[in-house]
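Okay, structure first, notes after.
The values are calculated or read from the model by the stated rules, or taken from the named source; none is laboratory data. Just so we're clear, the structure is a prediction, and the values are computed from it rather than from any experiment. Positions of Cβ are backbone-derived with ideal geometry, glycine not excepted, and every protein chain shown enters the neighbour counts. For accessibility, only protein heavy atoms count, side chains too; no ligands or nucleic acids. Shrake-Rupley method; radii C 1.70, N 1.55, O 1.52, S 1.80 Å.
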Amino acid sequence: MKIDTERVIIEVHLRPVLWDKRNELYKNRDAREAAWRDILKELAPNYENLSEEERKEADKKIQQRWRTARDTYQKDKISEKKSAIRLWE
């Protein structure tokens, strides 16, 4: 299954329960699992035909892609801040 990172980011952004700590459902595990399931349905065109094991594997890959994109973004922001501080020194 080919995963489009930009599409994953867009789908997560559309579901604040996954990233907005101020969201009342942010701490609700069932709500987060439902949001990830919705994303899987959007990104896996043959979702209905996948076995339970294939769904779990696809879900794992999508969530890993999200974490990797998020972590890379955070590292880049920290690096930018450090660079800006060095410019002022």
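A few comments on the model shown:
- Members of the range 22-41 that are among the hydrophobic types (A, V, I, L, M, F, W, C) and either without any contact (Cβ under 8 Å) to a residue 24 or more places away in the chain or surrounded by fewer than 13 Cβ atoms within 10 Å (Cβ to Cβ) (or both): L25, A31, A34, A35, L40
- Of the residues screened, I78 is not one that is part of a helix (DSSP H, G or I) and under 18 Å from E33 (Cβ atoms).
- The requirement of being part of a helix (DSSP H, G or I), of a type in the set (S, T, N, Q) and modelled with pLDDT of 95 or more is fulfilled somewhere in the range 48-66, by at least one residue.
- Cβ-Cβ under 9 Å pairs, at least 6 apart or on other chains, the range 42-57 side open to solvent by 90 Å² or more (accessible area, probe 1.4 Å), far side not in a loop (DSSP other than H, G, I, E, B): E42/R7; E42/E11; E48/K41
- Filter pass, A84 being among the aliphatic types (A, V, I, L, M), modelled with pLDDT under 95 and more than 14 Å from the chain's Cα centre (by Cα): yes
- Evaluation of E24 against the conditions (1) over 14 Å from the mean Cα position of the chain (by Cα); (2) in a helix (DSSP H, G or I) shows that the sole unmet condition is (2).
- For the range 58-88, the set of residues classified as open to solvent by 90 Å² or more (accessible area, probe 1.4 Å), of a type in the set (A, V, I, L, M, F, W, C) and closer than 22 Å to V17 by Cα is empty.
- Conditions (1) open to solvent by 90 Å² or more (accessible area, probe 1.4 Å); (2) within 16 Å of the chain's Cα centre (by Cα): number failed by V8: (1)
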